[in-house]
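Quick notes on the structure that follows.
Readers should treat all values here as calculations from the given coordinates under stated rules, not as data from a laboratory. For clarity, every value in this text was computed on a predicted model and none was experimentally measured. Please note: Cβ atoms are built from the backbone with ideal geometry, for glycine as well, and neighbour counts cover all protein chains shown.
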Amino acid sequence: MRPRRRPDLVHLGVLLGFLLLCCRAGASIHEYSNDAFTPRSNSFFFHGGSEGLYASAQVNITAPSSDGDSFIQFESVTFRRTKESASKHGDMQRNTGLVEAILVEIQDRDKIGGRYLNTNAICCTRELNDQNLCKVGEVIICPTQDNSDWPKRVQTFFHGNSEEATMITQTIPIRKTGMYYLYFMFCDPLLIGMVIKGRTVWKNPYGYLPGKMAPLMTFYGFMSLAYLLLGLVWFLQFVRHWRHTLQLHYHITAVIALGMCEMAFWYFEYANFNSTGSRPMGVTIWAVTFTAVKKTVSRLLLLVVSMGFGVVRPTLGGITSKVAVLGVVYFVALVALELVEHLGSINDFAGKARLFLVLPVALLDATFIVWIFSSLSKTLEKLQLRRSIGKLELYRKFTNTLAVSVLLSLLWIGYELYFNATDPLSELWQRAWIVSAFWNVLSYILLGIICILWAPSHNPTGYAYSEDTNDDFDDEGVSLTGSGARGIGDNLSKLERKERKNMDHVFGIGNDVEEDKRE
């Protein structure tokens, strides 16, 4: 329902739905540990979980438990009220407090509360009770026309002056595919201060993996095979021309290996999650670590290639320390974000906390992009002055590839923002996996193009660094006069002095006096 003109519960659903899109569920087994209830309108509620569930594979099930069943199970869910609240009742009284578990499919969200009765109330009032529209003390629910049992209501009563009430262990079968929200609610003001503990188990026909995440397990399986194929082709080429390999080739090999391990770990993490209902912390930490290392090394690889490492300069010189610092800072920021996203549960992951972790990663990504294209510009200019036609063509292809990837990234970020804004309640949860899968596919394609451009060969001089500038000119078949050579040499000297002078403006750390002396 929404405040003022809209029911408050729906307003809450919008907020929680947005948070669900910002982070992934910590487990299909939702744990509650003395959590408090929040007031809304004339009710108090606690959000027990939200997941996409597929309909059971079996028909006419009554006690779902076997494979092929989809259900939500309440296990040891206990409500504890305050001593003051319990003392207001006698020990011989039967029902002295009511708590309701409300399970609703998101398309039926308007069935919760008094919207269809033209009231903003969530709990039934005395006036509505007198009109036989609902029962006082209960949450207002309008049954659906095709299924009078939904939205589902499960009631638990306190008895006498007891401080605790425990839900009967029961299983709710899921016969309709959809995004389901679970709320625990009460209407009695005497229960203010009550807490909830226990857990609920959410299961899909194929296992415990949430519906939004289920396709990712298959995706990571295919990506593992894709990296294996890329690694096999690269390894054969690497072994075939191992006598002529460059240091850059070892860096590319490391990125392929890290990507292969990353995809394999995520596949096993999701498979374990699917079979047990909770994330295996050890495997998850390894998967997160490989993801952070691979992303960091990939960005550093793009950066050093853009700087012309192994092509127009034999080493990075004094810039090495700056590259290393940027890599370490990016790795730390990325690990922090990934750990909280994958190990934290949906109920304790606040939007502000995620924003605090996302911003540093976004800023560092922007730093990488600016530095990469700035370095590419200098490298292209230097190759033009040296008349290195082959290397220049190679770097132009590389630059065009990066430009297209950045453009696609910006377009996809825009699509993500549109997707999140138009689907705040996760009604399109069956397509949500594509959002995260896109980045892995883009990274793989970019790595594949780099492997093609810098593939090992028996004659790597086409893109390898050459100390003899004249040899480089001869290799490219360019005839120069003496005055022309001197002019190019002067231009190169000016360019290198300009590069040493302006490099600090890209990253903003000190001066590098010895930056290009070995070049």
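Whole-Hz Karplus values for the stretch 205-222 come out as x, 8, x, 8, 5, x, x, 5, 9, 4, x, 5, 4, 5, 4, 5, x, 5 Hz, taken residue by residue from phi with 6.51 cos²θ - 1.76 cosθ + 1.60 and θ = phi - 60°; glycine and proline positions read x. For I172, nonlocal amide neighbours, meaning residues 5 or more places apart or on other chains whose placed amide H falls under 5 Å from its own, are I72, Q73, F74.
How large is the dipole of the stretch 118-251 about the Cα centre if only Lys and Arg carry +1 and Asp and Glu carry -1, each at its Cβ, rounded to the nearest 20 debye?
In total the dipole reaches around 920 debye.
Shape class for the stretch 367-412, computed from the alpha carbon gyration tensor (a ≥ b ≥ c): oblate, with a/c not under 1.5 and a/b at or below b/c. Evaluating 6.51 cos²θ - 1.76 cosθ + 1.60 at θ = phi - 60° for every residue in the stretch 100-112, the Karplus couplings come out as 10, 9, 10, 10, 9, 7, 4, 5, 9, 4, 6, 7, 9 Hz, glycine and proline recorded as x. Here is the link list: K111/K152; K295/K378; K83/K197; K111/K135; K295/K397; K152/K176. Which ones come out longer than 20 Å on Cα distance? Correct reply: K295/K378; K295/K397.
By the gyration tensor of its Cα atoms, with a ≥ b ≥ c the square roots of the eigenvalues, what is the shape of the stretch 223-309: rounded for a/c under 1.5, prolate for a/b over b/c, or oblate?
The shape class here is oblate.
Remark: the stretch 74-80, residue by residue, has Karplus-estimated 3J(HN,Hα) of 8, 10, 6, 7, 10, 10, 10 Hz, where x stands for each Gly or Pro and the curve is 6.51 cos²θ - 1.76 cosθ + 1.60 at θ = phi - 60°.
When peptides 294-302, 157-165 are ranked by their average number of other Cβ atoms within 10 Å per residue, the highest-first order is 294-302, 157-165.
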